[in-house]
Amino acid sequence: MEEKDNRPLAELIREVFREFKIDRPGTVYTDPTTDALYQLFQTPGSAYLVAEENGEIMGGCGVYPTQGLPAGCAELVKFYLSSASRGKGVGYKLLQESLVLARQLGYAQLYLESFPELAKAVSMYEKAGFRPLPHALGNSGHYACTIWMVKDLG
């Protein structure tokens with residue numbers, strides 16, 4: 001990820017939120033860090049992957065040590081794909097690379113938050129071994145999310 005990716009990634013993320021009608025408070029849509037992902041992912045223990053084709057950003061996904069998570073657990077964050085890049089295996093590849101990154105960063109678990117409106121993504125998480133949780137973990141500040149999942153990386 002490079003600093004020049006901030007604006008196109010923020011635009012892509014907000015476009016996805018509008019597309020699925022989840023553009024509301026308590027989400028990444030209104031989170032100020034969405035406009036400064038490069039800076040956010042300078043945090044130790046974090047990493048962000050960007051998928052590009054012919055110089056155009058197709059999507060991205062990050063691993064982040066969200067405050068309040070159990071020891072050894074990070075959050076899979078800001079995982080979004082442009083509508084044109086869905087269904088081509090890009091999301092699956094980003095997810096697999098993020099799992100590798102999380103292990104390399106020393107994490108034993110990966111947590112995520114999502115929405116029922118993102119059913120295809122939730123299905124992909126389930127196939128990858130994420131299991132549902134009855135409540136949120138950590139302090140992401142994204143109180144509008146209603147799906148919480150975790151995966152053991154061992």
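Grab every C-alpha pair in region 101-147, bin the distances at 10 angstrom width from 0 up to the longest one, and report whole percents.
23, 51, 26, 0
Place the peptides 119-126, 49-56 in order of packing, highest mean first, counting for every residue the other Cβ atoms within 10 Å and averaging per peptide.
119-126, 49-56
With every protein chain left in place and a probe of 1.4 Å, what is the accessible surface of Asp152, to the nearest 10 Å²?
Approximately 80 Å² of Asp152 is accessible to the 1.4 Å probe.
Within region 55-73, name every residue whose backbone N is under 19 Å away from a label modeled 7 Å from Cα of Asp23 along the Cβ vector.
Only 59-60 fall inside the zone, counting backbone N under 19 Å.
Mind putting together the pair-distance distribution for region 40-127? All Cα pairs, 10 Å bins, whole percent per bin, short to long.
All Cα pairs, binned at 10 Å, distribute as 17, 50, 30, 4 percent.
For the chain, compute Rh as the Kirkwood radius over C-alpha pairs and then the Stokes-Einstein diffusion coefficient at 20 °C and 1.002 mPa s; write the answer in µm²/s, rounded to an integer.
On the way: Rh = 15.4 Å.
Rounded, D is 139 µm²/s.
Give the value in nm², to one decimal: projected area of the alpha carbon convex hull of region 26-82, averaged over all directions. Intermediate values should be presented prior to the final figure.
Working: hull surface 18.2 nm².
Value for region 26-82: 4.6 nm².
Given points 7 Å out from each Cα along the Cα-Cβ axis, report the Leu153 to Arg103 separation in nanometres with one decimal.
Modelled inter-label distance: 1.0 nm.
Top to bottom by accessible area (1.4 Å), largest first, where do Arg131, Arg86, Arg14 land?
Details: Arg131 105, Arg86 80, Arg14 45 Å².
Largest accessible area first, the residues go Arg131, Arg86, Arg14.
List the lysines whose alpha-carbon lies under 22 Å from that of Lys93, not counting same-chain residues fewer than 8 positions away?
Lys78, Lys120, Lys127, Lys151
With charges only on Cβ, +1 for K and R and -1 for D and E, what is the dipole size of the chain about its Cα centre, in debye, rounded to 20? Mind showing how you got there, number by number?
Numbers: 15 positive and 18 negative charges, 90 e Å.
Roughly 440 debye for the chain.
Which net charge results when you count Lys and Arg as +1 and Asp and Glu as -1 among the other residues whose beta-carbon is under 9 Å from that of Met149?
Once all neighbours under 9 Å are counted, the net charge is 0.
In whole percent, how big is the carbon plus sulfur part of the accessible area of the chain, probe 1.4 Å, protein atoms only?
Answer for the chain: carbon and sulfur cover 53 percent of the accessible area.
Please list Leu133, Leu99 from largest to smallest accessible area, probe radius 1.4 Å, with all protein chains kept in place.
Descending accessible area places them as Leu133, Leu99.
How would Lys93, Lys21, Lys127 rank on accessible area, largest to smallest, probe 1.4 Å?
I get Lys127, Lys21, Lys93, largest accessible area first.
The values are calculated or read from the model by the stated rules, or taken from the named source; none is laboratory data. Note that the structure is predicted; figures quoted are calculated from it, not measured. FYI the Cβ positions are ideal-geometry reconstructions off the backbone, even for glycines, and counts take in every protein chain you see. What goes into the accessible areas is simple: the full protein's heavy atoms, side chains included, and nothing from ligands, DNA or RNA. Shrake-Rupley method; radii C 1.70, N 1.55, O 1.52, S 1.80 Å.
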